[in-house]
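Data first, discussion second: the structure below is written as structure tokens.
Values quoted throughout were computed directly from the atomic coordinates according to the rules given, and no laboratory measurement underlies them. Just so we're clear, the structure is a prediction, and the values are computed from it rather than from any experiment. Positions of Cβ are generated from backbone atoms using ideal geometry, with glycine treated the same way; all protein chains shown enter the neighbour counts.
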Amino acid sequence: MTPARNRPPFDADERTQLAGWLDLQRAIVHFKCDGLSDVDAHRAVLPTSPLMTVAGIVSHLRWVEHTWFEVLFLGGPADGPQFDQTREDADMMVDGVPLARLLADYGRQCARSNEIIAAHPLDQTGRHPDYRSGSASLRWMVIHMVEETGRHAGHLDVIRELLDGHKGYY
């Protein structure tokens, strides 16, 4: 099920606005995947970017959520394909993984990220000592994720139109 695409209220507090804009971008990711076949989700349409598929982007977004909130902010272990030093863009290598599974994993990761955002002050800084980015505030990380997710939602918009002509204002 595609999450609702709602903007946060104009008069909401800062945390509600930040989380609301991030949730809107996440919902747009789901919307851009709605009704897409697994074959098309894994089909590359950009000749010089073979990993830039709908499935690859959804996987990447799942892992950047994990990286920023669980690893860099909470100081958890640096695990997952994005930390694979032997394969560049390993988090986008998802041949054979159904789009529904990738979206479900992404949805669970976003829910976990929202729990972290809700439980900590926006001024609190990350805890991972091995990465400079870990010293950013939670506010900075949330704003970065709005930017990251919005940029990739734009990629999904273009890729989806190239795949099957589907387009739509979020």
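Worth a mention:
- Here the stretch 25-164 is treated with +1 on each Lys and Arg Cβ and -1 on each Asp and Glu Cβ, and its dipole about the Cα centre works out to around 280 debye.
- Cα centroid separation - the stretch 14-66 against the stretch 99-118, whole Å: 12
- Computed helical MRE - 222 nm, the chain, DSSP H runs ≥ 4 contributing -39500 (n - 2.57), nearest 500: -16500 deg cm²/dmol
- Residue-count net charge about G75 - beta-carbon cut-off 13 Å; Lys, Arg +1, Asp, Glu -1: -2
- Local net charge near A119, Cβ-Cβ under 15 Å (Lys/Arg +1, Asp/Glu -1): +1
- Listed residue (A19, L51, V142) projecting farthest to the positive dipole end of the chain, Cβ model: A19
- Rounded if a/c under 1.5, otherwise prolate or oblate - the stretch 79-170, Cα gyration tensor axes: prolate
- 37 °C / 0.692 mPa s Stokes-Einstein diffusion coefficient of the stretch 1-114, Kirkwood radius on C-alpha pairs, µm²/s: 217
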